[in-house]
Amino acid sequence: MDWQFQSAVDGVAWPAVPDYGHAAVLALLQQIEYSQWSSPASIATQQQRQLQLLLRHGWETVPFYRESWGGRYDPAAPLSMDAIERLPLLSRRSLQEHYEAMKSRSIPAAHGKASEVRTSGSTGAPVRVLKTQITGLLWNALTLRDHLWHRRDLGGKLAVIRRGSTGRAPSWGAATAGLVATGECVMHDVEADVEAQLDWLVAEKPAYLLTYPSIVAELAKASLRRGVRLPGLLEVRTLAEGLGAEVRALCREAWHVPLVDMYSAEEVGYIALQCPQYEHYHVQSESLLVEILDEGGRPCAPGQVGRVVVTDLHNFATPLVRYDIGDHAELGAPCACGRGLPVLSRIAGRVRNMLVTAEGKRFWPPLGSRRFFEVAPILQVQIAQKEFDLLEARLVAAGTVDAAQEARLREMILAAMPPGMRVVFRYCDSIPRGAGGKFEDFICEVPGAAAR
Ligand SMILES: [Zn+2]
């Protein structure tokens, strides 16, 4: 790898001498280069040193915690995982409703200026939190870790297709600007027609493409259909939606490049990044504590799926302690790569993207919409659960779908579902993306299902 660091000192080009802010990012990066190889027990010990400071700060300066932790938190007691598990979960709803009471009354000056971050609100109301310059430093160091892990050539051109991004920028973004020389960043509208997006990629010839998994699937299918290649493309990076194995396969088939996914949220930053050697994810333990909890609130064992509960270790402006972010993930076994960072083997979407039964059990329907295209002229599919036993398949079709094709589609959909479900078909001209530009291939619309 040939990264070209930028020097802040006239007359010094190599090795570069960075300015104070960039030096702090590099200092963090060097520490996390070591800590990733620490044992899980050693990482947990270091995390608890930081958690002790965070919890005391939350207790002393955040009115919301002062009230909700009463009787459950003892600032004088040594911190243990048991003590953390006694604290109540913080719901998105609470965070939305108690924005003011969640703010620290005394943000340490050394954490820098606090600024408000607002999520795109894919489940309705947005969530707001204050973040500091310290959380920004961690974000930048972890961005660089992701580039290092996947050995990216930063001199290449980055193409981005996501909500709210259009135009061109001279560098890849905040984490690299002023620190490492990068290629250009070009951005395209996520709402644009897939054919137009593909033509744009052919013309731009990027080394990297960053977008949502649903866009990768559409672009790859269009590439295969038209026989278009993207020469020069080295890697596809995805974010923001659940990722199925099908999208990785399409990416390899259409462009012969790997796909690297990341799991992040605006409120807490990077949660887990894809392992350099495997397709699962490593929790970013230097930045946050992640608990995967079962329906009873107990820690899941490897192989089990549970809710993702996050404690941001460094946000002293709106401290987020045991924040139930609204996603589900599967805990994995320790990784054979040797890193001590915990593993998430699968990250699914939100509760609203899961099928719920009358008994309150949840499933991720493993939909492979590409196979639908093989039996009928289907361009796009979204499946909505309308009742506990009723699914509505919303189809955008390029031509007529006959009864035999519908029967085959019904069979394919039901094969991925728990027994006893029914399917009705509805044909649409288009299926809109949700808030934040994310496409949801499964939505649960059963009234009151989220609360079950
Ligand atoms: Zn690994």
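Note on residue 373 and residue 163: with the Förster distance fixed at 25 Å, the Cβ-Cβ geometry gives a FRET efficiency of about 0.45.
Taking the protein heavy atoms of the chain in the context of the full set of protein chains, the accessible area attributed to carbon and sulfur is 53 percent at 1.4 Å. Summed over qualifying helices (DSSP H, 4 residues or more, each -39500 (n - 2.57)) and divided by its residue number, the chain shows a 222 nm mean residue ellipticity of -8500 deg cm²/dmol.
Here the average projected area of the convex hull drawn through the C-alpha atoms of the range 286-353 stands at 5.1 nm². Once the Cα-Cα distance is subtracted from the 0.36 nm per residue extended length, the residue 76 to residue 31 segment shows a gain of 13.3 nm.
Sum up the lysine pairs in the chain that clear both bars: alpha-carbon distance under 30 Å and a spacing of 8 or more or different chains. Within the chain, the lysine pair count is 16. Considering only the Cα atoms of the chain, their convex hull presents on average a projected area of 22.8 nm². The shape of the range 355-444 comes out oblate: with a ≥ b ≥ c from the C-alpha gyration tensor, a/c is at least 1.5 while a/b does not beat b/c.
For the range 355-444, a simple Cβ point-charge model (Lys and Arg +1, Asp and Glu -1, everything else neutral) yields a dipole of about 200 debye relative to the Cα centre. Provide the percentage of antiparallel DSSP beta bridges, counting only those with both residues in the chain; round to the nearest 5. Among the beta bridges of the chain, antiparallel pairing accounts for roughly 60 percent.
At a probe radius of 1.4 angstrom, the accessible area of the chain per residue rounds to 45 square angstrom.
Note on residue 66 and residue 424: with the Förster distance fixed at 41 Å, the Cβ-Cβ geometry gives a FRET efficiency of about 0.20. Full extension of the chain between residue 105 and residue 333 yields a length gain of 78.1 nm, computed as 0.36 nm times the residue separation minus the alpha carbon distance. Extent of the range 289-423 along its three principal axes (Cα atoms, max minus min coordinate, largest first): 57, 36, 30 Å.
The values are calculated or read from the model by the stated rules, or taken from the named source; none is laboratory data. Just so we're clear, the structure is a prediction, and the values are computed from it rather than from any experiment. With ideal geometry, Cβ positions are generated from the backbone for all residues, glycine too; neighbour counts draw on all protein chains shown. Surface accessibility is based on the protein's heavy atoms, side chains included, excluding ligands, DNA and RNA. Shrake-Rupley method; radii C 1.70, N 1.55, O 1.52, S 1.80 Å.
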